[in-house]
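The structure appears right after this line, and notes come after that.
The values are calculated or read from the model by the stated rules, or taken from the named source; none is laboratory data. Keep in mind it's a predicted model, so treat the numbers as computed, not measured. When we count neighbours, we look across all protein chains shown, and the Cβ atoms used for this are built from the backbone with ideal geometry, even at glycine.
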Amino acid sequence: MHRTTSRRHPSVLLATVSALSVFATGCGGAADDSAGTESVANTAAGKASPNAPTKRGLTISFLPKQVNTPYFSVADQGGKEAVTELGSTFQEVGTDDGADTAGQVSHITSLTQRKVDAIAVSAQDPEALCTALKQAMSDGIKVVTYDSDTKTECRNAFVSPAGAEDLAVRQLELLGEQIGYKGEIAILSAAQTATNQNAWIAYMKEELKDPRYKEMKLVDIAYGDDDADKSYEQAQVLLEAHPNLKGIISPTTNGIKAAAKYLSESEYKGTVKLTGLGAPNDMREYVKDGTVEAFVLWDPARLGELAARAAVALASGQITGREGQMFQAGDMGWFNLGEDGVITLGEPTVFDAKNIDDYDF
Ligand code: RAM
């Protein structure tokens, strides 16, 4: 197996040539004398100084939903490499419980007390982190969510892996193709409060109203809290509760892996279909043994890198989180901020037996 990550894949560069030219004088060049003062004033006014120099010596803290789990380990390693390359200090904090919202809140509070420069957080809950995040921001700490968002007013920007609707539609289409667009389906999610999971589920429900899904019926949604054992049990419960189940979508790397393990050991192997968001290294054996045909993901390392670069751009005053601002994310190129300060990584990849050995994450 050779290592390739989405460095091979085109990240969607949302910059247009004309927009680029606006900042052309500042790209890669020294900032003008007034940049420092300007950036403070402009930041306070919500305006960015795109040509401000990239600050060094910052402390950038990553708070994933869960530590010591492959998806976030890869994402945060991507963040660490970018932060280090930019001359700042990276740190990761968090708990290994995939549904520990209270733990996230206390980590934010302690990062605020330690006066870090920026926090990159994947939120377990859209509301619960808000008070702590608002306190951090009012103390001058920049907040970027990555992977899973909080409410818009509780962070400066959100680094999204791909369009939420696109991701939902892709997963539903894959399952539709695998079951001939017919029969009962279920979803195996992560934490019941997770913003990203719930956004995808809402778009799936919406998409199911399309006439081509008229013979597919969503009969259940189970929550495995990104815990291997709980997700495995929930997969079993779904199959027992719904003997006619034709397929499962699990939009979580831990959930799909556990469900694949359960199916591969059961009488349903190959007949009950499974798709969702999975890491190629977790899913390889289940693709090779015929349990899983195809699933989706983005490169977590690139997501972490983009979050790190956005955090440094925020802390440097190059962006403030407003729609239409742009920043350069190293060799990933220029990214712009969309509505509500959302920065989108790009197109996800579909993995199957043909390409899974091309990836190592
Ligand atoms: C799990 C988490 C994460 C999600 C990925 C796909 O690791 O739930 O938030 O984005 O799966």
- Item | Single match in A128, A75, A118 (criterion: of a type in the set (A, V, I, L, M), crowded, with 19+ Cβ neighbours inside 10 Å, more than 16 Å from the chain's Cα centre (by Cα) and on the phi < 0 side of the Ramachandran plot) | A118
- Task: Search segment 265-285 for residues being outside any loop (DSSP other than H, G, I, E, B) and within 16 Å of the ligand (Cβ to nearest atom), and hand back the single one that is farthest from the chain's Cα centre (by Cα).
- Result: L274
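State whether the residues of segment 270-278 include one that is more than 30 Å from A301 (Cβ to Cβ) and not polar (S, T, N, Q).
Keep residues of segment 270-278 that are more than 30 Å from A301 (Cβ to Cβ), which gives 270-272.
Those still in the list that are not polar (S, T, N, Q) too: 270, 272.
Among the residues of segment 270-278, at least one is more than 30 Å from A301 (Cβ to Cβ) and not polar (S, T, N, Q), which makes the answer yes.
Find the residue count for segment 213-264, including only residues that are polar (S, T, N, Q) and over 23 Å from the mean Cα position of the chain (by Cα). Can you show your working first?
Taking segment 213-264 and keeping what is polar (S, T, N, Q), we get 231, 234, 236, 244, 250, 252-254, 264.
The next check asks that each one be over 23 Å from the mean Cα position of the chain (by Cα); those that pass are 234, 236, 244, 264.
Qualifying residue count, segment 213-264: 4.
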- Message: G304 - would you say it is assigned by TED's automatic domain parsing to the domain that holds R56 and at positive phi?
- Response: no
- Have a look at V312, V296, V342 and point out the one that is more than 16 Å from the ligand (Cβ to nearest atom), of a type in the set (V, I, T) and at pLDDT 95 or above. V312
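Say we look at segment 267-285 and pick out the residues that are of a type in the set (G, A, S) and at pLDDT 95 or above; which of these is farthest from S231 (Cα to Cα)? Let's see the steps before the verdict.
The initial filter retains those residues of segment 267-285 that are of a type in the set (G, A, S), namely 270, 276, 278-279.
Pick out the ones that are also at pLDDT 95 or above and you get 276, 278-279.
Working: G276: 14, G278: 14, A279: 16 Å.
Once the filter is applied, the top-ranked residue is A279.
Suppose the filter is of a type in the set (A, V, I, L, M) and without any contact (Cβ under 8 Å) to a residue 40 or more places away in the chain; does L208 pass it? Steps first, please.
On the way: of a type in the set (A, V, I, L, M): yes; without any contact (Cβ under 8 Å) to a residue 40 or more places away in the chain: yes.
Criteria met by L208.
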